[in-house]
Amino acid sequence: MMKKKVLLMGKSGSGKTSMRSIIFANYIARDTSRLGATIDVEHSHVRFLGNLVLNLWDCGGQEAFMENYFASQRDNIFRNVEVLIYVFDVESRELERDMHYYQSCLEAILQNSPEARVFCLIHKMDLVQDDQRDLIFREREEDLKRLSKPLECVCFRTSIWDETLYKAWSSIVYELIPNVKELEQNLKDFANIIDADEVLLFERATFLVISHYRMRPHRDVNRFEKVSNIIKQFKLSCSKLAAHFQSMEVRNSNFAAFIDIFTSNTYCMVIMSDASIPSAATLINIRNARKHFEKLERMNQGHLALSR
């Protein structure tokens with residue numbers, strides 16, 4: 001089993017626990033208002049792709065806790081970190097203090113986990129006027145990249161009310177998946193064999209996109225995250241009715257989309273624009289590919305065990 005320590009940090013009220021609950025605990029956005037403030041550090045182990053476990057440390061952002069993280073708990077908090085995710089409330093009136101705490105985090109990361117990857121989420125972007133969002137995000141991104149040196153940080157704009165949250169977390173988790181390039185090559189081979197326009201792989205529990213291959217261009221660059229959001233909500237609706245979501249086919253005059261359980265840890269989505277290929281043929285191809293991708297997952301787990 002491979003454990004990856006992920007620190008989730010930011011000021012109290014910035015939205016850390018809400019986003020964690022939506023991605024990993026099957027909350028919907030409107031239910032997160034019931035969540036209370038995180039006290040000190042909440043640990044959760046999220047099994048991801050079978051052998052990969054995210055050891056998620058959700059760190060309460062009250063001032064007393066933050067000061068404690070940098071003093072008496074410094075080594076414990078910041079040692080062996082794979083990823084730091086720092087969440088900024090875009091509407092915060094204490095930006096200078098937010099940046100001070102962020103820089104303190106970076107200093108502790110440099111000292112204890114210099115190889116860690118750093119991601120900054122500019123959160124609650126739904127509260128910003130549409131015509132101001134690009135400008136405000138670019139300004140914050142420039143400031144954070146400058147402050148982060150010599151570390152590199154990757155910034156995302158996020159909101160619990162749209163697909164941007166899935167886009168950010170998919171990108172972060174993608175960085176943690178071992179042998180992801182091999183997985184993408186196999187998806188490419190599969191798409192070519194069945195003449196698919198596109199093949200996507202979703203993690204089964206979170207429905208985050210973990211890999212994809214596209215043969216033809218598409219104008220909507222955010223479609224993966226929209227699909228993640230829609231299907232996750234549909235799965236939750238099914239579970240409330242004591243029903244189990246397994247597969248779905250959507251078809252119109254331009255394309256057919258098939259979403260089905262793939263391996264023990266994934267769902268796949270196959271997009272076909274060739275109307276001459278019957279649905280039954282595509283479903284058989286998906287079923288036949290399962291064994292190959294299950295074997296690939298087992299091989300990757302074996303490699304991880306050997307490397308440890």
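The values are calculated or read from the model by the stated rules, or taken from the named source; none is laboratory data. None of the values given here were measured: they were computed from a predicted structure. Heads up, the Cβs are rebuilt from the backbone with ideal geometry, glycines too, and the neighbour counts pull from every protein chain shown. Protein only, heavy atoms only, side chains kept; ligands, DNA and RNA dropped before computing areas. Shrake-Rupley method; radii C 1.70, N 1.55, O 1.52, S 1.80 Å.
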Checklist entry - In region 188-206, is there at least one residue being in contact (Cβ under 8 Å) with a residue 12 or more places away in the chain, aromatic (Phe, Trp, Tyr) and surrounded by fewer than 18 Cβ atoms within 10 Å (Cβ to Cβ)? => result no
Checklist entry - Only one residue in Phe119, Phe190 is aromatic (Phe, Trp, Tyr) and under 23 Å from the mean Cα position of the chain (by Cα). Which one? => result Phe119
Next on the checklist: Looking only at region 165-181, filter to residues that are in a helix (DSSP H, G or I) and open to solvent by less than 30 Å² (accessible area, probe 1.4 Å); which one of those is farthest from Gly15 (Cα to Cα)?
Outcome noted: Val180
Checklist entry - Where residues in region 116-133 are over 20 Å from Lys167 (Cα atoms) and not in a loop (DSSP other than H, G, I, E, B), which of them is most open to solvent (accessible area, probe 1.4 Å)? => result Asp131
Item to check | Looking only at region 136-148, and only at residues there that are more than 22 Å from the chain's Cα centre (by Cα) and open to solvent by 80 Å² or more (accessible area, probe 1.4 Å), the one that is farthest from Gln73 (Cα to Cα) | outcome: Glu139
Checklist outcome for this item: Counting only strands (runs of 3 or more DSSP E) wholly inside region 210-308, the ones holding at least 1 residues that are among the small types (Gly, Ala, Ser) and loosely packed, with under 15 Cβ neighbours inside 10 Å are 247-251
Checklist entry - Among the residues of region 134-156, which ones are in a helix (DSSP H, G or I), touching a strand residue (DSSP E or B) at 6+ places or on another chain (Cβ under 7 Å) and touching a residue at least 12 places away in the same chain (Cβ under 8 Å)? => result Phe137, Arg140, Glu141, Leu144, Ser148
Checklist outcome for this item: All-but-one check, Asp58 against (1) more than 24 Å from the chain's Cα centre (by Cα); (2) within 25 Å of Asp31 (Cβ to Cβ), failing number (1)
